[in-house]
């Protein structure tokens, strides 16, 4: 099993539009598989059944969730199962966590593309995204340029907010 990041954009100017969120909502509610993409997607030739995909909606800067590739005959659409919804904005994660900030999959790049991701990076990002989603960790970007505040709650060193410049 390999990890991938798939970037899509609802408002693309390149005659391609895609949105992860409706697929996740329907698949998680019903348990049904959904098709998303086809064999012409950049990087898709390396995917195999069982691979897991981090669904990234670039126009909303949101890590929508985790999906698994269930079926693909390479002549048509890929069938995915939504495993977990995350719904976490990437900008605060990138600004607040140095390891996430350097992940190349979330830098500017082509949409409609599968980007391979290291297993340890994927697990780290997912664990952090779950904490943010569940309110265990909060990241807030200050309104002042160059200032960022990170709050991890009262358990860590009294919950003091650190300012990074």
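Just so it is clear, none of the values below were taken in a lab; they were calculated from the coordinates. Only a predicted model underlies this, so the values are computations on that prediction, with no experimental measurement involved. Backbone-built Cβ (ideal geometry, glycine too); neighbour counts: all protein chains shown.
Scattering from region 45-126 was approximated by placing one identical point on each alpha carbon and applying the Debye formula without solvent; log10 I(q)/I(0) at 0.12, 0.19, 0.21 1/Å stands at -0.36, -0.90, -1.08. Here each label is just a point 7 Å from Cα along the line to Cβ, and for residue 120 and residue 29 those points are 4.1 nm apart. A full extension of the chain between residue 83 and residue 99 corresponds to an added length of 3.3 nm, given 0.36 nm per residue minus the alpha carbon distance.
For the peptides 54-66, 86-98, the ranking by mean Cβ contacts within 10 Å, running from highest to lowest, is 54-66, 86-98. Stretched out straight at 0.36 nm per residue, the stretch from residue 108 to residue 127 would grow longer than its current Cα-Cα span by 4.5 nm.
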